[in-house]
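Engineer: Got a structure for you, written out below as structure tokens; questions coming shortly.
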Amino acid sequence: MAHVLMAVTGADTIALTDGTAHPTGFWAEELIELHRGLVAAGHAVDIATPGGVRPTVDPGSLGEESSDELRAYLASIDALLAHPRALADVKTGEYDAIALPGGHGPMVDLAADADLGRLLVDAVDRDAVVGVLCHGPAGLLSAVREDGSFAFAGRRLAVFTDEEEHQGGLKDASPYLVESRLRDLGAVVASGDPWSVTVVVDGSLVSGQNPQSSVATARRMVEVLAAR
């Protein structure tokens, strides 16, 4: 059994390019499927947020036909969500794996969170499993070493693409584009077609492109953990 830290955004709004605040948070399907897949495989999952705040579900992620099932699952793990750990209290080496679900929230806080960055750099250095999904890779932007280098430079990954952001995300109102930021730092983005189920595994790094890739990303993360 692996001990997995799920680092979840604590943001509930994102500032758009026109200066307005847009509701956000974590994307329900992504957190749920990562949690469900890991727990079903026998792994223990803890949740942590910046400052230990209770994470907010992105209201846009509960508007589909499956929302009743999603709401029921969130209710079943409400005690876990209500009392997350603070990222600052997590020690390096404490967890076997780190998982980052998306929603636009990670762009707001996890992307620049020094404690998440510390944990991710440590994970890279000891080759611990890191699983990221959709906008979750925004959290990888925090993984900057003391010498200024990006810990995930040269690593292949999937991320919610710039094209998907323009087609069905925040469009031109997005404060920045996660795919472009990762490319600029030296990550090798291996995208599939927009809205396709796309998962990329590069050693201990498992990444999914979009909400459609949630179940497949959880499955591949479980497979990588099982092989270790």
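Engineer: Please determine whether any residue of segment 130-146 is surrounded by fewer than 17 Cβ atoms within 10 Å (Cβ to Cβ), closer than 27 Å to Gly93 by Cα, out of contact with any Leu (no Cβ under 7 Å at 6 or more places or on another chain) and not small (Gly, Ala, Ser). I'd like the intermediate steps shown before the answer.
Structural biologist: First, the residues of segment 130-146 that are surrounded by fewer than 17 Cβ atoms within 10 Å (Cβ to Cβ): 145-146.
Those still in the list that are closer than 27 Å to Gly93 by Cα too: 145-146.
Add one more test, that the residue is out of contact with any Leu (no Cβ under 7 Å at 6 or more places or on another chain), and what stays is 145-146.
Subsequent filtering for residues that are not small (Gly, Ala, Ser) retains 145-146.
Taking every residue of segment 130-146 in turn, at least one turns out to be surrounded by fewer than 17 Cβ atoms within 10 Å (Cβ to Cβ), closer than 27 Å to Gly93 by Cα, out of contact with any Leu (no Cβ under 7 Å at 6 or more places or on another chain) and not small (Gly, Ala, Ser).
Engineer: On the given criteria, is Ala114 buried (at least 17 other Cβ atoms within 10 Å of the Cβ) and more than 28 Å from Trp195 (Cα to Cα)?
Structural biologist: On the way: buried (at least 17 other Cβ atoms within 10 Å of the Cβ): no; more than 28 Å from Trp195 (Cα to Cα): yes.
No: the conditions fail for Ala114.
Engineer: Quick one: in segment 45-71, which of the residues that are part of a loop (DSSP other than H, G, I, E, B) and open to solvent by 70 Å² or more (accessible area, probe 1.4 Å) is modelled with the highest pLDDT?
Structural biologist: Arg54
Engineer: Mind listing just one residue for me: the one in segment 20-31 that is in contact with a Leu (Cβ under 6 Å, 6 or more places away or on another chain) and crowded, with 24+ Cβ neighbours inside 10 Å and, of those, farthest from Asp58 (Cα to Cα)? Step through it out loud before you land on a result.
Structural biologist: Taking segment 20-31 and keeping what is in contact with a Leu (Cβ under 6 Å, 6 or more places away or on another chain), we get 22, 28, 30.
From the residues that got through so far, the ones that are crowded, with 24+ Cβ neighbours inside 10 Å too are 28, 30.
Numbers: Ala28: 7, Glu30: 11 Å.
Result: Glu30.
Engineer: Which one of Gly139, Gly154 is touching a residue at least 12 places away in the same chain (Cβ under 8 Å), small (Gly, Ala, Ser) and outside any loop (DSSP other than H, G, I, E, B)? So that I can check it myself, show each step before the final result.
Structural biologist: Values: Gly154 fails: outside any loop (DSSP other than H, G, I, E, B).
It is Gly139.
Engineer: Which of the residues spanning segment 183-195 are surrounded by fewer than 15 Cβ atoms within 10 Å (Cβ to Cβ), within 18 Å of the chain's Cα centre (by Cα) and not hydrophobic (A, V, I, L, M, F, W, C)?
Structural biologist: Arg183 - this is the single residue of segment 183-195 that is surrounded by fewer than 15 Cβ atoms within 10 Å (Cβ to Cβ), within 18 Å of the chain's Cα centre (by Cα) and not hydrophobic (A, V, I, L, M, F, W, C).
Engineer: Being within 23 Å of Ala216 (Cα to Cα) and surrounded by 14 or more Cβ atoms within 10 Å (Cβ to Cβ) narrows it down to one residue among Gly42, Gly102; which is it? Show your work before the answer.
Structural biologist: Working: Gly42 fails: surrounded by 14 or more Cβ atoms within 10 Å (Cβ to Cβ).
From the options Gly42, Gly102, the qualifying one is Gly102.
Engineer: Okay, moving on. Tell me which residues, restricted to segment 157-182, are more than 17 Å from the chain's Cα centre (by Cα) and surrounded by 14 or more Cβ atoms within 10 Å (Cβ to Cβ).
Structural biologist: Within segment 157-182, the subset more than 17 Å from the chain's Cα centre (by Cα) is 163, 166-168, 170-175.
Passing the criteria: Glu163, His166, Leu170, Ala173, Ser174.
Engineer: Give me a count of the residues in segment 181-228 that are without any contact (Cβ under 8 Å) to a residue 12 or more places away in the chain, assigned to a loop (DSSP other than H, G, I, E, B) and basic (Lys, Arg).
Structural biologist: Of the residues in segment 181-228, 0 are without any contact (Cβ under 8 Å) to a residue 12 or more places away in the chain, assigned to a loop (DSSP other than H, G, I, E, B) and basic (Lys, Arg).
Engineer: Something else: Out of Asp89, Asp78, Asp122, which single residue is surrounded by fewer than 22 Cβ atoms within 10 Å (Cβ to Cβ), free of Cβ contacts under 8 Å to residues at least 24 places away in the same chain and acidic (Asp, Glu)?
Structural biologist: Numbers: Asp89 fails: free of Cβ contacts under 8 Å to residues at least 24 places away in the same chain; Asp122 fails: free of Cβ contacts under 8 Å to residues at least 24 places away in the same chain.
Going through Asp89, Asp78, Asp122 in turn, the sole match is Asp78.
Engineer: List the pairs whose first member sits in segment 53-64 and is farther than 8 Å from Gly25 by Cβ, whose second member is at pLDDT 95 or above and among the basic types (Lys, Arg), and whose Cβ atoms are under 9 Å apart, counting only residues at least 6 apart or on separate chains?
Structural biologist: Leu62/Arg71
Engineer: State all residues of segment 1-19 that are open to solvent by less than 70 Å² (accessible area, probe 1.4 Å), in contact (Cβ under 8 Å) with a residue 12 or more places away in the chain and part of a loop (DSSP other than H, G, I, E, B); if no residue qualifies, say none. Talk me through it step by step, then tell me what you get.
Structural biologist: First, the residues of segment 1-19 that are open to solvent by less than 70 Å² (accessible area, probe 1.4 Å): 2-11, 13-16, 19.
This time we only want the ones that are in contact (Cβ under 8 Å) with a residue 12 or more places away in the chain, so: 2-11, 13-16.
Answer for segment 1-19, where residues must be open to solvent by less than 70 Å² (accessible area, probe 1.4 Å), in contact (Cβ under 8 Å) with a residue 12 or more places away in the chain and part of a loop (DSSP other than H, G, I, E, B): Ala2, Val8, Thr9, Gly10, Ala11, Leu16.
The values are calculated or read from the model by the stated rules, or taken from the named source; none is laboratory data. None of these values were measured; they are calculated from a predicted model. Ideal geometry is used to build each Cβ from the backbone, glycine not excepted, and the neighbour counts take in all protein chains shown. These accessible areas exclude ligands, DNA and RNA; they are computed on the full protein's heavy atoms, side chains included. Shrake-Rupley method; radii C 1.70, N 1.55, O 1.52, S 1.80 Å.
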